[in-house]
Every structure is written in C-alpha cells, then in structure tokens.
Amino acid sequence: MFGEAETTARFSNLSRVFQMNPTDKKRAPLSADIKALQPKLRDVLGTLEANPEWYASVYFERKSNQTFAANLKQTQLSDSTSSGVVMRIYDGHTLYEQATDQTELAALLKEAKELVARVKRAAGESTGTPMRPYQAVNWKERLKENEVPLDPELLAQIPADVRAETPVHFGIAFEEDPTTRTTENRLTGLKALVGRVQALAPACGFAEKDLTYLMAREGLGVEESLFIDRESNLSQTLYRVSLTLILMSGAERSANRFGGLGGTEAITVSDEKITEMLKDLHAMKNADRLKPGKYTLLLGPALAGVLAHEAFGHSQEADTCARGRSKAWELHNEGARVGNDLATILNSPAVYRNATEKSAAWGSYFFDEEGWLAREQIILDAGTLMPPMTNLTSALRLGIPRSSNGKRESWQNGVYTRQTNTYFSAGDKTYDELLGMIDYGFVGLNAAGGMEDPKGMGIQVGVQYLKEVKNGKFTGRVVKGPAGGDIQLTGYVPDVLNSIIAKSKIEAHSEAADTATHPFNDCGGCGKYHKEIVYAGCGGPYMLLKDQILG
Amino acid sequence: MITSPRWTLEQLKNELRSRSEVKGWIVTQENLHRRERYLLLDQGKLSVDQDREVNSQSVEVRLFVHTGKTGRQGEISKKFVSEKPLNEQIESSIAAAKETDYEAWDLPSDLPKDPPEVKSCDPFMAEDLAGALESATQEVSKAVALPRKTDFNSSELFMSIHDREVHLSNGLTQRSKQSRMYVEAAYSYSKSGRSDEYLHTAWTISPADISIEHLFQEASDRAEISLQTKKPNTGKYSVILDADVLAKLFNSTTFLLSARNEYLDLPHKNPGDDFIPGATGDLLTLTLDPSLDFGAVTVSVADQGIVQKPLVLVDKNIVVTTAIDAQHGKYLKKKPGTYRGNVVLEAGAMDHAQMIQSAPKVLEILQFSGLFIQETTGTFSSEIRLARLHDHATGTVSIIKGGSLSGSISDNFKFARFSKNRVKRSEFDYGVATGYFGPEYALLTDVSVVG
C-alpha cells in the first residue's frame, strides 16, 4: 500500500510538471499502412476466438532503427526494419503464440487456423493442473479509480466515449521531429561533434595523437505497435532517439549514451559534458588500482539505478516468482523487512518526463506488449516488499493484479515479466551535503553492468572507476579494479539496502525544491539472466551507502 | 496498406545491376523457423507455460555506391522489407549511402572454387523441428521425473533453423543452414527455511552434443550444495576456470587480433607480438576454425565471398597473423583470408585432479554471476555465484558464494596451465554467435578475490 501522505505529495508534483495541456502537444502518429492493418487483425481475432473459454489477442509490431555514425576515418549508416504479427491464445493453462512476418489477411488467417489446431491438439495435456481462466478487460475496468491514477499524459489520449472497437492511439510527445532530418544533416552533425571533442581535448591534457579513436553515433528508432483483443483496439508510436559518444586513448575508453523517447531535443550534448568525459578518460589513464575492501560509497543516479534494477527489480518479476525462482515472493508473503526506510524502489513505464530532461525515460511506453496500460508501481516500500511486477500469465499463476510489464525482445521472442524504468525514490539532501558526509570513501558515477540473483539474493553492480574522497573533498585520485578493469560491488541484497545512509533530491545540485517528479533514469538494456535483451531505464537520486564490498 | 511480398531476390539483384551508382552489394536472406517451450511445475505437475512458433524471412542488403570522390565510396546496411516497393527502397538506400564516406574497396573478383563442406545443421531438426522439440521435451520430462533432494523450478527449450542465402555482386551465391538449440534448467534446494538455486544453460548446434539428463543432474547437484556456502576471504588465489568462462574470455580477445582494429587504431596485436607478454605457462595456440563440426561459427564461405579455412592466429604465444577480411585487407594492403570461425585452443597437459592439487589453496569456479570482460584491456571481473575452495592444509573443500574476482588476461594467464581434455561450447547470448573448442579447464595464479 502507498503511504497516504507520499501519494498526495507525488501527484501534486505531477500536476505542476504538466502545465501545458497534454492534448496540445506534437505527438508521433501511426503510419497509414499500419492503421489499415487494424481491421484485418480484428478479423484474425475472430478466428482465434474459436472456443469461448479461450482468451485471444493479436499484437503487431514494427521497429525501424537507423544508426548514423562518424569516427576519425569513416561515416556510416545502417537502417533496419523488423515487423511481425503475434497471434495468441490462452486456454486457461498455457499461452500459445504463433508469430509471423506475413501481414496479408489470407496468410494470417491460415496461421491463425494452424494455431487453433495446435491448441486443440494440446487439449488434455494440462489435465491435473488448475484452470485459470481470463477474460478481456473492458475500458470501464481499465479506467476505474485506482490508488495510483493513470498519468495525465496517457489519459489525455483516450477519447471520452471510448468503446471496445474505438481505435485508441498513443503517440510520444516531441518538440523537434526526429524523423525529418536528412542523412547529410545527421552525418555532418556527428562529424562536427567529433571535431568538438578534438578541440576540447588539449584543455583536458590530451595531445592530438593521444585520442586514438573517437566515435559519435546517433540512433533513431520508430517503434509502432497494435494490440487488439475483444475489448480494446490500441496503437502506439514511440520515437527512440540516442546519441552515443565513445572516446579512446589506447586501451582506455570513456563512453556515454544520451537520449530518451521524444524528439531531437533529447540528444543535445554540451561542451561541459564532453569535457567531463575527456577528464574521466585522462584520469583513467593514470588510475591506481583499488585495494579490495569495504568502503563508504556515493553512487550517482545511473549506478543507483543498476542497484535498484538488480536488487529488487529482477527478483520482483512475477514470472520468476511463479517459477519458484525468487526469494522476494516468499519475503513479500512473510512481510519481511529487506532494507531500511530509505530503500524505496519504483518501476514505471509512465515516466514521460525524465527528471528535468525534455524527453521521456528510456524504458517508457503507454501500454505493454500485452495491451496493459502503463502505471507507476512501488515494488519496495521503505524496506518492505510490495506485490511484484507481472505479465498476464504470471499474474494469473500468482493470483495478483496485472501490471504493465509484459515485454519481449521483439515480435519473434516470447513475453516475460520485464522491468521498464526502475529507480530509487528521491531523498532530501543536496549532492554537496552527501559529499560532505564522507570521511573517507569513493564516488562512482559510471556503470559497467550488473547481475541479478533473485533466489540467492546476491548482487553484482559493475563500476567503471571510482573517485577518492577524504573529508568531503575529492583528492584527485582515481581507482580502477584490482586487476585494472571494472570494479564490482557485491553483497547480500538486504545488507546493501540496509546500508543506505542518505539520498539526494532529484535536482541534487540545487538547494531549491524539486520541480521534477521522477528521478533521472539512464538509458540501458536489460537481459533476462543472459538473453532476451530489452530497453530499460534505471536511475534514482545520488545515494550514500556505508561499508560496501568493492573489488 | 501492407500486402504480400511484391518482389523477389532476382528482381532485387536485377534492379541493383541496372543502377550506375551501385558499385556492388552483399544480399543476405534468412528464413527462420523457431519453436519454443517454457516449462514449470504447476501443483507438482510439469506444465507448459508458453508454447511458441515463429516463422520469418529477412533480407539485408549491404550496398556499395560510387560517391564521385577519388579513392572513396559510400555504403549502407539496410533491411529491405517485402511490403514496400522495391524501387522506393533501392532509391532511398542509394541516396543515403552516397552521404557516407569510406575508403574504397572491392569484393573479390575470384569466385571460391570447391568451397569446403561443413556440418552446421542437425538433419533431424531441419527435417522435423516440431518432432525434435517434442523429443527434447520428453527428455526434459524424464529428467524432471527423477527423484532428487532438490526441487525442479523451470526449464526453457528453444530450437530453430536458420536458412541463409548470400548473393554477391561478383556473381557468388552461397547457401547454408544452421540449427540452434537452447536448454536451461533451474533447480532449487531448501532447508530450514533457507533456499537457493542453480540455473544451468547451454546452447548447441547439434542436440547430440549436449545431454539434457546430465545438464539437469548437474543443475540439481549444484543447487544441493548452494546452502553450504560461505564468502571467500579477501586475497590472491590459484583459480580453476571452466570452458564456459574460457570460451567467453578467448572469444573476446580475438577482438585484439583483427585487421579492422588495426585500421581503426583500436587496440590490437601485430604479428610477432607476444599474445601474453612474458608468458611462461602453457603457451597459447589459438586457431580461428570455421570448419569445426557443429560449431556456432562454422561456415564454408564468409559474407565477403572468401573461403574460410582454419587459421592459426597465435602459435605458442606469438601472434602469427590477424583475421583479415577483404575490406580491411585492401585498406592495409594485406592478403585477406579467414575472418570468421570458432576459437580453438590447443590442449595442455594437466588433468582436473592435478589442477586441484597444484597449490595449497585452489578456488574452483563453478559459476560466475555475470562475467564482464573489457575487450580493449583484457580485464575481467564477476561476482562469484558458486565455487569450491580446495584447502589442502586443512584437507577441506568448502563451498563459496559471494565476493568478486578480478583478473586480466595479460597478468593472470602468464603462468596458466590448461587441461588435456578439450570440449566444445556454443553461445548465442544476446544474438552474437561464438564457438569454442578447447581445454575444459585452465589453472590461473595470483587472482584477486574480495570477500
């Protein structure tokens, strides 16, 4: 359950951020050819609903990705599109899917009939297991009052008189249309960015020959999808924009990806940021090696996010719980404490403004790939585990409410419960106040991967390098791992979450009250154990932790 | 309006041939057929949570164009879609490619003669994928039914056939087929209110190369010891790594042995360099082998139309050559050859028992949580998910979980010893194919561990 005061405070913030009427914004439209596909998919749905006890749905996805790059020797371009239809039947026991890139009605109907035949053939195999029937949820149910209201950005796009057959389109808002720039314009901009890095390098201690490899890469993804079942007819279009900068000097590397969902405004890179990357690269070339041990550690938002994602992100995925593979389900049912009062983690695909950025966070959308509308969810509330995130079948298996976390790598892959944007809630300190609380320790800002251990409750958070702090001041010393590579933060998750000393505000470098609603979420990718990569945001405020095992 | 396919590969090639701006192309068509099953226990009965079938076809065109600049060319990699008119896609690709800028190069003018036959597809899977999945499901069912002290949690079974055709503008057409199978088993063990699990995963090209029964047994055995664990003491250890880890490490290090890296001024090794400076252990011999039976990267002819044959990259720790494709061979004025293949390492002389006895304390890693490797520096690190600590002073074997290990290929493989037994590994994690045939174990010294 939400704390009453906290809920009120959060949503009064929300109304402040969306001063502009959400209906007035420029939004990503649905392509005409996909719009024309919608009625055909309704015909296919009719074929899939061959048995009144079955729940059927149809999902279509088209992802177009363009990548433009410039390095010191080349400019490059790649352009890929993948689209397909997923037909689904859930018979109360098993979810059956037939996925195809055919989009002609006759071909789809043929595949739909084959799927129906496959489900009928399998009938009887589930004898002895409980039937968990499911019926499509109508709009009245979808929109009924909930302790966490739907975001105004999402609500604004639903017609007032919405019914089962009403096409409801959600488009990501943008200021500068990212689809209209020419290839020449993009490549020229990337070459200029590489030039800016070279121009700023001398002031950061680099001679021209020291920077051996520079690369700037711009990504544009146009992701369109349809979801149709008996009670809904949804579509959405997301613009995913990113800019990746890689700077190398010999074997040392500094890399950063900027971006979000929205327009070109999400990928501007300041000289200040480039200078910071160059200084980091210079520091890494002269870094010492960390003496393994326990240290006070101040994590930046990206690393706080990896900690949230690996700690009680993965273990709060209900399909993992349903497989008996997560300790979190047991601990939730016991009401056990697994962290202190500062340990609050949220997951939300509805982060339509990422901290103070102009774009939505990387893991956002309006509905998931099973047609469930995006909504914020607290998964760890001041150290106490709340119900996990779900996809359709795991919610039914565990008998808990659905959430908008049914995701797949692409239309060719299966759905799992997946994280969207996972982040720690904000605190009340400024960055300087947190730094001042360190007698001896380190600051870590750059993530280098992480790994979950939902059953064993271990954790691994990779850190590229650390900056040493004594008596609240940086000493100028930088350390890498004991063997010269990444540093690993490891431990037992409840121990780590009980060691949080303090957290910053969202706008940590200002003493004024926060104007943003959500903490910053970094752009990332997430695998289910070692495969099935999906986009994910992770973040939080700056967080100070004591006695962290680093090696 | 999305409609049925409007064009064929022949039409695509004919259109490309007719455009004066087009200098060359590599067209790759892949037909995919995949079956998947996700299994778990539902009230004690093995049940299918999801059952999936996927059919798709993709066409990727790597298009080379004249840009009017001497010694330069343009290029684009583009996926063509069947629902859009061919000319529209070609026109936009040419226009975009003209905006890019590469040093010019050409596809080989000689067509491969008598390309070698390779084994890359399991015939039973190719003939009857549904039957193969059913057969594997039966094996899983039998393994789950065995009485054990542990609890079966879940399993995933994926099987697919990838049918590829590559068409080059120099006239070459090359067809190949690959089968892929993924199996995972998760078992947990509970005692006195505590529980932990072990997840075992395996990729293979041929189902005959893995034993589902063994995989499930080992997952269960390792789950059973997962509650007897303690953290390691911080310090330096002799460490045994297994083939799963070696496959990852040595596939990553081939990054340093490519002509592409040399051209782009990325970190790389040159012929004559020590692969591991100052190595005095079992000196490494590394071959890029595209001919390995049922390897993940087993190919006859690579995408640029060059026959792929086994190529020794490192011979007794000395770099002999690098992997050179046609493009980077032209840039660097080097003869192109093998640039795709499975990593094959020569065997050492030790067996597993000797490795365990090799030092007063030996840490044998059974599984890392997430092994992260920096290709540019050859450093690696991970949390320890499960390990055995063989302490010969006390005569004990303890089970270790937690803490992390940090190493570097250049430091920690200096005195490495390899096992005489060799094994095959395949992997398609995150869609990237890597193959390995080499020592089942390696023994490293002075590896930093924090507990």
Task: Heavy atoms of A:Leu243: accessible area, 1.4 Å probe, square angstrom to 10 - done: 10 Å²
Open item on the list: Could you tell me the center-to-center distance, by alpha carbons, between the stretch B:34-66 and the stretch A:19-89 in angstrom?
Closed with: 18 Å
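Express the carbon and sulfur contribution to the solvent-accessible surface of the stretch B:229-450 as a percent, rounded to the nearest whole number, probe 1.4 angstrom.
50 percent
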- [ ] Over chain B, calculate the relative contact order: mean separation of alpha carbon pairs under 8 Å at least 6 apart, over the residue count, as a percent.
- [x] 15 percent
- [ ] Find the relative contact order for the stretch A:43-175 and round it to a whole percent, using C-alpha pairs within less than 8 Å whose residues are 6+ positions apart.
- [x] 20 percent
Open item on the list: Please compute, for peptide B:187-193, the average count of beta-carbon atoms on other protein chains lying within 10 Å of each residue's beta-carbon.
Closed with: 2
- [ ] Please tell me the relative contact order of the stretch A:73-117 in percent, rounded to the nearest whole number, where contacts are Cα pairs under 8 Å and at least six residues apart.
- [x] 30 percent
Task: Chain pair B, A: total accessible area buried, heavy atoms, 1.4 Å probe, Å² - done: 7200 Å²
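Mind checking the per residue accessible area of chain A for me, 1.4 Å probe, whole number of Å²?
About 35 Å² of surface per residue is accessible.
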Task: Within the accessible area of the stretch A:276-344 (1.4 Å probe), percent carbon and sulfur - done: 46 percent
Task: Largest to smallest principal axis extent of the C-alpha atoms in the stretch A:1-286, angstrom - done: 72, 48, 41
Open item on the list: Give the separation of the Cα centroids, the stretch A:91-112 to the stretch B:351-398, in Å.
Closed with: 48 Å
Open item on the list: Please compute the per residue accessible area over the stretch B:111-167 with all protein chains in place, 1.4 Å probe, rounded to a whole number of Å².
Closed with: 51 Å²
Open item on the list: Compute accessible area for the stretch A:413-449 by itself and then with all protein chains, 1.4 Å probe, and report residues whose area falls by 10 Å² or more.
Closed with: A:Asn413, A:Gly414, A:Val415, A:Tyr416, A:Ala448, A:Gly449
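Using DSSP to define loop residues, name the GluC sites (Glu not before Pro) in the stretch A:455-515 whose beta-carbon has at most 13 other beta-carbon atoms within 10 Å.
Here the GluC sites (Glu not before Pro) that fit, given the DSSP loop and packing criteria, are A:Glu511.
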Task: For B:Asp325, solvent-accessible area (1.4 Å; no DNA, RNA or ligand), Å² - done: 20 Å²
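In the stretch B:9-224, carbon and sulfur make up what percent of the accessible area (probe 1.4 Å)? Write out the running numbers ahead of the final one.
On the way: 4050 of 9250 Å².
Looking at the stretch B:9-224 in its full context, I get 44 percent from C and S.
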Open item on the list: With a 1.4 Å probe and all protein chains kept in place, how do B:Thr234, A:Thr430 rank by accessible area, largest first?
Closed with: B:Thr234, A:Thr430
TODO: Taking amide H positions as placed in the peptide plane 1.01 Å from N, state which residues far from B:Ser258 in sequence (5 or more) or on other chains have amide H under 5 Å from it.
DONE: B:Lys269, B:Ala323
Task: Hull-based mean projected area of the protein assembly as shown, where the convex hull spans the alpha carbons, in square nanometres - done: 37.8 nm²
TODO: Name the helices (complete DSSP H segments) of chain A with a Cα length along the long axis of 24 Å or more and a Kyte-Doolittle mean of at least 1.0, or state none.
DONE: none
- [ ] May I ask you to find the residues of the stretch A:202-233 that are shielded by at least 20 Å² of accessible area once the whole protein assembly is considered instead of their isolated chain (probe 1.4 Å)?
- [x] A:Thr212, A:Tyr213
Open item on the list: In the stretch A:84-115, what residues drop by 30 Å² or more of accessible area when the other protein chains are put back, versus the chain on its own? Use 1.4 Å, and skip ligands and nucleic acids.
Closed with: A:Thr94, A:Leu95, A:Glu97, A:Gln98, A:Ala99, A:Asp101, A:Thr103, A:Glu104
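What does the convex hull of the Cα atoms of chain A come to per residue, in Å³, rounded to a whole number?
Cα convex hull per residue, to the nearest whole number: 152 Å³.
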TODO: Would you rank B:Lys231, B:Lys113 by solvent-accessible area, highest first, keeping every protein chain in place and using a 1.4 Å probe?
DONE: B:Lys113, B:Lys231
Task: Peptides B:422-430, B:10-18, B:373-381 ordered by average Cβ neighbours within 10 Å, highest first - done: B:373-381, B:422-430, B:10-18
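The values are calculated or read from the model by the stated rules, or taken from the named source; none is laboratory data. For clarity, every value in this text was computed on a predicted model and none was experimentally measured. Positions of Cβ are generated from backbone atoms using ideal geometry, with glycine treated the same way; all protein chains shown enter the neighbour counts. Side chains included, ligands, DNA and RNA excluded: accessible areas come from the protein's heavy atoms. Shrake-Rupley method; radii C 1.70, N 1.55, O 1.52, S 1.80 Å.
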